[in-house]
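What follows is a single structure, written as C-alpha cells, with notes after it.
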C-alpha cells in the first residue's frame, strides 16, 4: 500500500516536472531547467528514456538471480519470478529502444545508427526474444523452467564480454560514447544542473519503484494462476 | 570389504507438469530379492523405474544404494531394459556392445559379448545394423546391452515386450540366474511375468 | 575423483567422442549437408558481389557469416541426433554428465575446425578481394574463433535438443551469445588482411581465450541441469 502511494506521488511529480518545467536561458527559479544547446526541449527525454533502459538491465539481472535460485532449489515460484522479471524487462527494453530511436531521429536525423548504446539495447532485446522463444518451445513445465534458467545464466555471462567489445564497434553518436567530444555524458560527469539532476534521479527512483510494483503484481497473479491450475487438475 | 548391496527408497514422490504422479513410495531390497512394480498404464511404473535407474530426479524422498562412492556408481550398478531405451540403430549389435563398453569407460570383453549374443539368439546377425532387426530382435539386443557389464541391479520395464515363446523363456532364465546374486526389479502389467517377488510396490494405491 | 575413476572418465569421454565420429562416418548426415551448405553460401556471396570490389571489412564479415550459419547447421547434430533417435536415455545410463559434455564438445571442436578449414580454403580461393597478409594472425584467429564457436554452440545445442522447434531456435539462442566472439573475430580477420603484426592482435587473442575458458567452464557447470531430467 505504502509502495503504491509513494510510487503514485513520485511518478506524478516526475512527469509533471519533466514535461512541465519551462526552459530558460538563465534559470533563476528552482523550477526552471537550463537550455542545453543542441537539445533544448528534447532534453526532457532523458528523464524517461534512460530509466527505461536502466530497468531493462535491472530486470535482466533480477531474472538471472532467480534463475540461479531455481536451479538450486527447483522451486516453481523462482521460475515464476524469473519469467515475470524477464517479461517486464522485455517491455522496458522495447520502450527504451523506441524512445531512443525517436530521439535519434529528432537529434541526429536517422532512427538507427548501430552506435554502441543502440547496439547493446538491441542485443538485450535479442536476448529477451531468445529467452521467450525458448520458453514457448518447451512443453514440459519443469524442463521449460530449467532450460530457460540455464539460458539466462549463459546470456548474463556474455554481457561483460559484450561490454568489453563495445568500443570496437564504431564510435557512437550517443552522448557519452567514444566519439563524443563532451566526454562521458551529462550523467556520469554530473554536468547536469542541480534541479535537472534531482528530477533525473527522482525519475530513476520512481521507475525502479514502478518495476518493483509491477513485478510484485505479476508474481501474485502468477501464483494465483498456478493454484487455479492445481485445483483444476483431475 | 564392501557392504552387501541394498537399495532403499523412502518417501519417493514424483511430480510431472506440476501434477503429482505418486507419493510415499517405500521399499528395501537386498541381494537375491525381487521387487515387482505394478499398476495401471499411466500409474507411473516407468517413472519409478527411471528414478531407480538415475534417469529422473524425484521431487521428494530418497533413493540410496549401499556401497562405494564414485562418479560411475549408478552407471555401474544398474542395467536397464525398457521400451523407451533404444540402441544405436546405425550400428550392428556387436558394434553397439563395443561402443557401449567404450562409453562406460570399460574395456570390451569380446568373449562375454559373444556369449551374450549367442544366448540371445543374435550371433548370426551380430554384424547387421540394428535398424534391420525385427522388434523381437531389438528387444533381445537390449538384453545383451544391459547385461554386458554384469550389473548387480537389473531393471526390467515390460520384460517380455515383443518377445515370442523362445524369447520369453530366455528372459525367465536370465531373471532366475540374476536372482542368485543380484537384485531384480521388474515393472509390468502382466503379473505372470514374475514368478515370485519379495517386495511389491503397487502404484495404483499411491497417487 | 580417484585416479581409477579419472582414467575411466577419460576413456568414457573418448568412447563418446569416437561413437559420434563413427556414427557420422556411417550415416554421413551432417558432413555432406554441411559441405554443400558452405559451397552454396559462398556461391551466393560470389553472385551477389558480381565482380565488385568489396572492402576487407565486408569480406571478413561475410566469411564469418558463412561460418556462423555453417556452425548452426552442423553443431547441433551431436545432441539432436540422440534425442531424435531415442538414445539420449541410453547415453545417460552409460556415462556421467561431465563425460557426455566433454565427449560431445570434443566432437564439435573437431567438426567445426574441419568445417572452418574447408570454408576458409574455399573462400581464399574463390573470393578475389580477400587476401590474407598476416598468415599467423589469421591462423590463430581461425583456430581460437573455431574453439570459441564450439564452446558456445555446444551448450546451446544441448538446450535446444530438449525443445520442440530445434532448427529455428538454434540460431536465435546462439547469436546473442556468439556476438562478442563475432565482433572480435571479424575485426581480427580484417586486420589480418591488412597485414597487422602478431603483437597488435594480442588483445583479441586474450579476449578469445578468456571467452573460451569462461564459456566452457560455465557450460560444464550447467550441463548436468540441462542434460538430466
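The values are calculated or read from the model by the stated rules, or taken from the named source; none is laboratory data. Keep in mind that this is a model prediction, so the values were computed, not measured. Positions of Cβ are backbone-derived with ideal geometry, glycine not excepted, and every protein chain shown enters the neighbour counts.
Name the residues in region C:204-216 that are surrounded by fewer than 16 Cβ atoms within 10 Å (Cβ to Cβ), more than 9 Å from chain A (Cβ to nearest Cβ) and either on the phi > 0 side of the Ramachandran plot or in contact with a helix residue (DSSP H, G or I) (Cβ under 9 Å, 6 or more places away or on another chain) (or both), would you?
C:209, C:213
Restricting to region A:123-134, give me the number of residues that are over 21 Å from the mean Cα position of the chain (by Cα) and more than 9 Å from chain C (Cβ to nearest Cβ).
Number satisfying all stated conditions: 0.
How about region A:103-121: which of its residues are over 22 Å from residue A:41 (Cβ atoms) and surrounded by fewer than 13 Cβ atoms within 10 Å (Cβ to Cβ)?
If the condition is that a residue be over 22 Å from residue A:41 (Cβ atoms) and surrounded by fewer than 13 Cβ atoms within 10 Å (Cβ to Cβ), then A:114 is the only one that fits.
Looking at residue C:184 and the list (1) buried (at least 21 other Cβ atoms within 10 Å of the Cβ); (2) farther than 19 Å from residue A:144 by Cα; (3) more than 8 Å from chain A (Cβ to nearest Cβ), which single condition is not satisfied?
(3)
Restricting attention to region A:126-140, which residues are assigned to a helix (DSSP H, G or I) and farther than 16 Å from residue C:180 by Cβ?
A:128, A:129, A:131, A:132, A:133, A:134, A:135, A:136
Any chance region C:23-45 includes a residue that's within 30 Å of residue C:190 (Cβ to Cβ) and either within 10 Å of chain B (Cβ to nearest Cβ) or assigned to a loop (DSSP other than H, G, I, E, B) (or both)?
no
Please note which helices (runs of 4 or more DSSP H) are completely contained in region B:79-174 and include at least 3 residues that are in contact with a strand residue (DSSP E or B) (Cβ under 9 Å, 6 or more places away or on another chain) and under 23 Å from residue B:56 (Cα atoms).
Here the list reads B:135-147.
Go through region C:155-181 and give me each residue that's in contact with a helix residue (DSSP H, G or I) (Cβ under 6 Å, 6 or more places away or on another chain), farther than 16 Å from residue A:157 by Cα and more than 7 Å from chain A (Cβ to nearest Cβ).
C:157, C:158, C:160, C:161, C:166, C:170, C:171
Is it the case that region B:96-106 has a residue that's more than 13 Å from every other protein chain (Cβ to nearest Cβ) and modelled with pLDDT under 95?
no
Just give me the residues in region B:74-92 being facing chain C (nearest Cβ under 8 Å) and modelled with pLDDT under 90, in sequence order.
B:75
Residues that are surrounded by 18 or more Cβ atoms within 10 Å (Cβ to Cβ) and within 11 Å of another protein chain (Cβ to nearest Cβ): does region C:121-128 have at least one?
no
If I filter region C:60-81 for residues that are more than 16 Å from residue C:188 (Cβ to Cβ) and not in a helix (DSSP H, G or I), do I get at least one hit?
Checked region C:60-81: at least one residue is more than 16 Å from residue C:188 (Cβ to Cβ) and not in a helix (DSSP H, G or I).
List the number of the failed condition for residue C:104; all other conditions in (1) closer than 27 Å to residue B:77 by Cα; (2) more than 10 Å from every other protein chain (Cβ to nearest Cβ); (3) out of contact with any helix residue (DSSP H, G or I) (no Cβ under 6 Å at 6 or more places or on another chain) hold.
The number of the failed condition is (3).
Taking region B:35-53 only, how many residues are at pLDDT 90 or above and closer than 21 Å to residue C:93 by Cβ?
Here the count works out to 11.
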